Ligand SMILES: Cc1cc2nc3c(=O)[nH]c(=O)nc-3n(C[C@H](O)[C@H](O)[C@H](O)COP(=O)(O)O)c2cc1C
């Protein structure tokens, strides 16, 4: 731990959130700004978010799509954020290269003129049928990175986040009326630390248990 930046060293995923704390507009803005500046494959920025607060309609709809066991603690978070990403783009063949006959082949991507590139969907020139399958994985990876950025910013603000992927994804899409091309992936509970002794016994046990990690040596493949 000694070498970790404090922003990472003090981060953890609590269950006990302060049921009176609010997420201010400035805090919400800083969190989303941090997510916005995350790196992404091809700078596609596929992440999309829906922010609900404890007592607003969006917050209630998000909460209803969490497992009952998690609603017990997540209902106290100041905000619930749906972290979503754009769906896989349809597989398209790369545009034909515009090399004149007899000249050396021109890379299809390089041959696309700048204006057409700006106007086209971001992935249109990148995704071929052969690798379209991997696009969804890239987008989920990018989204995770954006949420990691958000988590660090939250720590800097004295906020805590607890991510959940074991949620009703179809229910979230329906209840929040999300566009068809958006795939909800996780819910991020955000708030201030609460009193762990106010938790039900099983959650208090989880909350106060030791946090464990593999040794770095066990992570190294070579
Ligand atoms: C992508 C992702 C999904 C997670 N899903 C759940 C979940 O469905 N339920 C839950 O209680 N915690 C969930 N967590 C929290 C993890 O259990 C937690 O991060 C892990 O146990 C390590 O604990 P720490 O964050 O306190 O270091 C999730 C975390 C991540 C990053």
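Separation between the residue 141 and residue 214 pseudo-spin-labels, each 7 Å from Cα along Cα→Cβ, expressed in nm?
Going by the 7 Å Cα→Cβ label model, 1.7 nm.
For the pair residue 157 and residue 198, how long in nm is the line joining their label points, each one 7 Å along Cα→Cβ?
The answer from the label model is 2.0 nm.
May I ask you to order 29-35, 139-145 by the average number of other C-beta atoms within 10 Å around their residues, highest value first?
Values: 29-35: 17.9, 139-145: 19.7.
By packing density, highest mean first, the sequence is 139-145, 29-35.
Against the globular-protein guess of 2.2 N^0.38 Å, express the Cα radius of gyration of region 23-80 as a ratio, rounded to two decimals. Can you show the working numbers first?
Values: Rg = 13.7 Å, N = 58, 2.2 N^0.38 = 10.3 Å.
This ratio for region 23-80 stands at 1.33.
Write down Rg/Rh for region 139-222, rounded to two decimals, with Rg from the C-alpha atoms and Rh from the Kirkwood relation over Cα pairs. If you can, show how the numbers build up before the last one.
Values: Rg = 16.6 Å, Rh = 15.9 Å.
Here the Rg-to-Rh quotient is 1.04.
Bear in mind these aren't lab numbers, they're just calculated from the coordinates by the rules spelled out. Because the structure is predicted, anything quoted here is derived from the model rather than measured. Every residue, glycine as well, gets a Cβ built from its backbone with ideal geometry; the counts of neighbours run over all protein chains shown.
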